[in-house]
Amino acid sequence: MKWEGGCINLRLVLKKNKHILQKIEEISGENVFACYQCGMCTAGCPMVSEMDILPNQVIRLLQLGAMEEVINTRTIWLCASCYTCGAKCPKGVNLSRLMEAIRLVILREQNQDYVRLEEMVKESLPQIALISALRKFTA
Amino acid sequence: MKEMIYFPGCTLKTTAKPLEDSALKVAEALGMKIKEMPQWYCCGTVYSLAQDDLIKQLASIRNLLQVQTTGHNEVMTLCAMCYNTLSQANLFVKKDKEKLQKINQFISEQPDYKAEIEVKHFLTLLKKVGTEKIKEVVKNGLSGLRIACYYGCLLLRPKEVGIDNYEQPTILEELMEALGAKPVYFPYKTECCGSYHTAVKPEIVARRVYHILENARENRAELVVTSCPLCYFNLKDRQKNIKKIYPEFKKIPVRYFTEIMSQALGV
Amino acid sequence: MRIGVFVCHCGRNIAGSVDVKKVVDEISQIKDVVLCTDYIYLCSEPGQLTIQEKIKELNLTHIVIAACTPSLHGVTFGRAVEAAGLNRYLLEIANIREQCSWVHQHHPEKATKKAISLIKGALAKLKNAQPLKPIKVPLTRKVLVIGGGIAGIRAALDIAQGGIEVYLVEKTPSLGGHMAQLSETFPTLDCSSCILTPLMVEAAHHKNIHVFTYTEVKKVKGVIGNFKVTLEKKPRYVVPEKCTGCNDCVDVCPVIVPNEFDQGLGARKAIYVPFPQAVPLVYTVDLEHCLNDEKLIVCEQCFKICGPKAINFLMEPEEVEIQVGAIVVATGYELLSLDALKEYGGGEYEDVITSLDFERLASASGPTGGVIKRPSDGKVPKRVVFIQCAGSRDPEHGRPYCSKICCMYTAKHALTYKHLVPDGEACVFYIDVRAAGKRYEEFVQRVMGEEKVLYLRGKVSKVFRHNEKMVVLGVDTLSGKSVEIEADLVVVAPAIVPSKGTQELAKLLKSPVDEFGFMSEIHPKLRPVESVSLGVYLAGAVQAPKDISETVAQASAAASKVLSLLSHKEAALEPIVAHVNEELCKACRLCQKACPFKAITMVGKGKKRHAHVEEALCQGCGVCMAICEEHAINVAGFTYEQLSTQLRALLEDKIDGSEKAIKSG
């Protein structure tokens, strides 16, 4: 895990990020505190080798309220929405929904797309690839 | 057998035409009556996981509404992504009647969607037909061809819409066995291929698919079959990307399961 | 009638919402209420003393106590009024706490009105109350213990040593249960058989214990003090008295099948003893796998070779009827089958085994003679991965509970493996390590620190085969890395579930089970060994997952409850039972069909035919009362008259719709 500074002042961080956390729980419909950090999601995630922080760490940081750390990761954009995490979770927490909620909160706040059309691959793709990528990565 | 209404989806009419052609021929050979929906639109490709983004559900609901107007209460899809998107959207409005009302109000010029449709995938219908009947119609048995049956994600997950057990599915293997092939042990059959990352960062997909195909090859597979057009693209067309990263990689053939079926049934 | 009404404040619990003074004023004005007073804590000693003094002083004949729920202090107040000379069934308790002040905290005015109504209801019910005497039932000084594992054996021994006869019934051919399958027990690492067999032998030879193995409980009738139980002795086809245990029959038997005692990793013949230290040491023919069946004999090898002629293929199941005063259920647990754990292969991989399988591999008397071998190729594994929490702590699959013993036995297995294979590597995937018992934490720390077993914090997502190895894909959340291990052997710790047949047995005993199938205790903290059904006691894992120390403690606790019960000559049952008015009864038999306890029979002939309630069986549930169209059957203390007058009094102050209900009812 590479982040600068190992200390979180929990009182300040929770106070500051309370509304974002509420929004994330609302959009996803998931209870972040149901997770007991067993790591099943990470163990099953197909994209984990490409990620900078692990899927279970994303939800851990949400539990701690550390939004800055989560927003600046590559992890949330590498999610492939394959639902493996949600299917395997023993507590029934659907991490794919939480990832989507974090992405949406960022896209809506910043009103900026994660990818631009020019950056996309210039070869003949099946429509579903193009459209789903655009739906996931644009505001 | 009663008539089944069929939702093709955009990709099946273009890049995945072989899937549709072979599937319809197979259906005919098995005595299934498939009729394409008179009016359909793109389903939206991916189910939006947000609870409050109702606009993104419209595409799917509009299509389900079209099915409702035809008078059928079941619709069949061939594309795994369409299946997943339509099923999840359907489930969403079935569970939350308030949101359904909001959506109905928005598309106020059409009749209300009553959320009484069931979305089915072609594989479920084939399972109902039964392997016995399929065996009867086989003309060119596949003589023990070693096939790796790749499911991908969207047919099996989330659990509420999955067509088979998400850890150990057997529906494709049973089908291939009925055709005379020999499905191999393939533990990576439910691993994600990388999906839409292929449009943005194809190297990720290449690395992912490399592991999947190598696993198939280790288990002595001669052919990989799949059901989803995106998986097909990622597994097949990205093999050239894999060759760039892992030069010693040898290509392995990839087909739609319906193409194999149509070959075996001689249609 | 001279009624005394006592209204309790319960500190602020009642007085906080209900205006007690107002209640006292209103109630005092009712006819026949000689005294209405309040007190701060009626359940306290001075409180009870006040009630008793007033009874004597004012010659009170009936009492109403307006306080908390009767299920909390009903017995306390009952005893108090009896000590003052009053029959406790002339005491009525109005619940103005749980049913009033606690739920209407924000509406004090309405709460006060409701409290008054509730007390008026209690007064009305009292008007038709009758004094009742407890029903005495004789106690049979014999006990049935179901289950011959360590729990059953310990309970049987304790009860037998108290001078009471015990029938110890076990459905497998030998005593011992799962403890006999274990190699060593944590944390002392005692050899399990060595500490268990002396107890098994003692139980078999004790003059007060009758051991029935290969026997099941078929029917249970009756009530505490007088259970009539029908046992079915399954046919062994071997006459125990003649068998000398020479083993000749086993040598000639042509059928080889997997041995259940060895978890299927070893084999046995169709005629067998489950393990060498079996008690009783009698052979059993497993007719399902034997070449013969009930109608046709094709193989007589064992029969011919048996010197004492102990084999008899004509044996039939034998029914035995016993009468006991109490029953102890000690039927134990089993492990969740690997079929339910599809992420670890669902049972299709030979080299993914359960913890009990590992015990048999490690056991010196096991199928591999105590050498750890891979089931697939028999080689000694050099790297073993242990997976905890497989199926437990999993609300998604209906098992949210923790199975309690897996953390400890996994540590023990890792240690055993390291001792048997010194150059081997062991890893344990865990979410938490629960080591709460005496010297348990020290044991786990020893396994981690001195035996150098690698503990990885995280779950395993998938296990699959790759060449000759099993690949384990997991994660270590502490270091933030996903982990891939190529193991030779994977040992999984499956969830603990109640043993097969527990559900059916619980039905026979009319004892409830919880949502996971474990039998329910009356109170998990204060009464853990008593089942809700009177006279049925619980011991061991049948009640909840637990280890051997706790099982033995519970078994002794159950034994002490039994001994205390049977130390009397008779038991006194509550007289809240149904009675039939023979004049009104039209013998329609609806009550007989409805009674869940089969307590009603029809007696008499012709016009005089009527229903009859067996008092000792009746539990006072009232279903018969509800279904009887003639109001001919009534539960004492809750008669139709009492309940309808109570209802009228409760609704006295209401208007409109409720008037209709009162008029028609």
*In whole Å, how far is the Cα centre of region C:257-311 from that of region C:405-419?*
34
*Please turn the phi angles of region C:613-627 into ³J(HN,Hα) values with the Karplus equation 6.51 cos²θ - 1.76 cosθ + 1.60 (θ = phi - 60°), one per residue in order, whole Hz, x for glycine and proline.*
9, 7, 4, 5, 8, 5, 9, x, 6, x, 4, 4, 4, 5, 8
*How much mean residue ellipticity at 222 nm does chain C get from its helices, if each DSSP H run of length 4 or more adds -39500 (n - 2.57) and you divide by all residues, to the nearest 500 deg cm²/dmol?*
-8000 deg cm²/dmol
*Point-to-point label distance, residue C:191-residue A:138, nm (Cα→Cβ direction, 7 Å offset)*: 7.5
*If the chain between residue C:484 and residue C:53 were fully stretched, how many nm would it gain, using 0.36 nm times the residue separation less the Cα-Cα distance?*
147.4 nm
*Scan region B:130-181 for trypsin sites (Lys or Arg not before Pro) in coil per DSSP, keeping those whose Cβ has at most 15 other Cβ atoms within 10 Å, and list them by number.*
B:139, B:159
*Say the dipole of region C:512-665 comes from +1 at the beta carbon of Lys and Arg and -1 at that of Asp and Glu; which of C:624, C:643, C:548 then lies farthest toward its positive end?*
C:624
*Extending each Cα 7 Å along its Cβ direction at residue C:141 and residue C:69, get the distance between those two points in nm, one decimal.*
3.9
*Put +1 on the Cβ of every Lys and Arg and -1 on every Asp and Glu Cβ in the protein assembly as shown; which of C:287, C:244, B:75 then has its Cα farthest towards the positive end of the dipole?*
B:75
_Modelled FRET efficiency - R0 35 Å, residue A:18 with residue A:113, Cβ distances, 0.05 increments_ = 0.80
*What size of dipole, in debye to the nearest 20, comes out for chain C about its Cα centre when the only charges are +1 on Lys and Arg C-beta atoms and -1 on Asp and Glu C-beta atoms?*
1780
*Relative to the Cα centre, what is the charge dipole magnitude of region C:248-305, using +1 at the beta carbon of each Lys and Arg, -1 at the beta carbon of each Asp and Glu, and rounding to the nearest 20 debye?*
100
*Rounded, prolate or oblate: which one fits the protein assembly as shown, using the alpha carbon gyration tensor with axes a ≥ b ≥ c (rounded when a/c is under 1.5, else prolate when a/b beats b/c, else oblate)?*
oblate
_Once you place label points 7 Å from the Cα toward the Cβ at residue B:203 and residue B:39, how far apart are they in nm?_
4.8
*Using r as the Cβ-Cβ distance of residue C:230 and residue B:95, and R0 as 60 Å, what FRET efficiency do you calculate, to the nearest 0.05?*
0.75
*Tilt relative to chain C, helix C:45-58 - C-alpha long axis, 0 to 90 degrees, to 10*: 40
*What residues of region C:326-348 lie in the reach of a label at residue B:170, counting those whose backbone N is under 15 Å from a point 7 Å from the Cα along Cα→Cβ?*
C:339-343, C:345-348
*If you plug each phi of region C:229-235 into the Karplus form 6.51 cos²θ - 1.76 cosθ + 1.60 with θ = phi - 60°, what whole-Hz ³J(HN,Hα) values come out, in order, with x for Gly and Pro?*
10, 9, 9, 10, 7, 6, x
*If you line up the long axis of helix C:192-205 against the longest principal axis of chain C, both from Cα atoms, how many degrees apart are they, to the nearest 10?*
60
*With springs connecting C-alpha atoms under 10 Å apart, model chain A as a Gaussian network and identify which of A:49, A:81, A:28 has the largest mean-square fluctuation.*
A:49
_Rounded to the nearest angstrom and ordered from largest down, what semi-axes does the equivalent ellipsoid of region C:578-635 get from its C-alpha gyration tensor (root of 5λ)?_
17, 12, 9
_Rounded to whole Å, give me the distance from the Cα center of region C:10-79 to that of region B:133-179._
74
*Kirkwood hydrodynamic radius (C-alpha pairs) into Stokes-Einstein, region C:396-495, 25 °C and 0.890 mPa s, D in µm²/s*: 168
*Counting alpha carbon pairs within less than 8 Å and at least 6 residues apart, what relative contact order, in whole percent, applies to chain B?*
20
*Once fully extended, how much extra length lies between residue C:419 and residue C:128, figured as 0.36 nm per residue of separation less the alpha-carbon to alpha-carbon distance?*
97.2 nm
*Pop out the ³J(HN,Hα) list for region B:69-82 in order, Karplus 6.51 cos²θ - 1.76 cosθ + 1.60 with θ = phi - 60°, rounded to Hz; leave Gly and Pro as x.*
5, 6, x, 7, 10, 9, 9, 10, 10, 10, 7, 5, 5, 4
*What's the center-to-center distance, using Cα atoms, between region B:20-63 and region C:566-637 in Å?*
64
_For the protein assembly as shown, share of DSSP beta bridges that run antiparallel, in % to the nearest 5_ = 45
*May I ask you to compute the full-extension gain from residue C:294 to residue C:250, defined as 0.36 nm times their residue separation minus their alpha-carbon distance, rounded to one decimal in nm?*
13.8 nm
*asked:* Give me, ordered by chain and number, the residues 5 or more places off residue B:118 or on other chains with an amide H under 5 Å from its own placed amide H.
replied: B:74, B:75
_Can you sort C:612, C:523 from fewest to most other Cβ atoms within 10 Å of each residue's own Cβ?_
C:523, C:612
_Fluctuation leader among B:117, B:245, B:171 - chain B, Gaussian network, Cα springs under 10 angstrom_ = B:245
*How many Å³ per residue does the convex hull of the Cα positions in region A:1-136 occupy?*
126
_Built amide H within the under 5 Å cut-off of residue C:5, gap 5+_ = C:35, C:36, C:37, C:64
*Near the amide H of residue C:149, under 5 Å away, which other amide H atoms are found, from residues 5 or more places off or on another chain, if H is placed in the peptide plane?*
C:176
*Evaluate the relative contact order of chain C (contact order divided by residue number), counting alpha-carbon pairs under 8 angstrom at least 6 apart; express in whole percent.*
13
*Rounded to 10°, Cα long-axis angle of helix A:55-64 versus longest principal axis of chain A*: 40
*Neighbour-count order for B:47, B:210, fewest beta carbons within 10 angstrom listed first*: B:210, B:47
*asked:* For a quick check of your reading of the filter: which GluC sites (Glu not before Pro) in region C:326-388 sit in a DSSP loop and have no more than 16 other Cβ atoms within 10 Å?
replied: C:348, C:350
*Average beta carbon contacts from partner chains per residue of B:184-197, 10 Å cutoff*: 6
*Sum of -39500 (n - 2.57) over DSSP H runs of 4+, divided by residues of chain A (222 nm, nearest 500)*: -15500 deg cm²/dmol
*How would you classify chain C from its alpha-carbon gyration tensor, with a ≥ b ≥ c the square roots of the eigenvalues: rounded for a/c under 1.5, else prolate if a/b is greater than b/c, otherwise oblate?*
prolate
*List the trypsin sites (Lys or Arg not before Pro) in region B:24-103 that DSSP assigns to loop (not H, G, I, E or B) and whose Cβ has at most 13 other Cβ atoms within 10 Å. Which are they?*
none
*Take the alpha carbon gyration tensor of region C:248-305, find the square roots of its eigenvalues, order them as a ≥ b ≥ c, and report rounded if a/c is under 1.5; if not, report prolate when a/b exceeds b/c, else oblate.*
prolate
*Likely footprinting exposure, B:155, C:361, fewest C-beta neighbours within 10 Å first*: B:155, C:361
*Given charges of +1 on the Cβ of Lys and Arg and -1 on the Cβ of Asp and Glu, with all other atoms neutral, how large is the dipole of the protein assembly as shown about its Cα centre, in debye to the nearest 20?*
1280
*Quick one: if the Förster radius is 60 Å, what FRET efficiency do residue C:221 and residue A:33 give, using the C-beta to C-beta distance and rounding to 0.05?*
0.75
*Counting alpha carbon pairs within less than 8 Å and at least 6 residues apart, what relative contact order, in whole percent, applies to region C:578-635?*
46
*Looking only at region A:98-139, which residues have a backbone nitrogen under 14 Å from a spot 7 Å from the Cα of residue B:244 in the C-beta direction?*
A:120-124
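No lab work stands behind these numbers, since they all come straight from the coordinates. Owing to the predicted nature of the structure, the values given are computational and were not obtained by experimental measurement. Don't worry about glycine lacking a Cβ; one is built from the backbone with ideal geometry, like all the others, and counts go over all protein chains shown.
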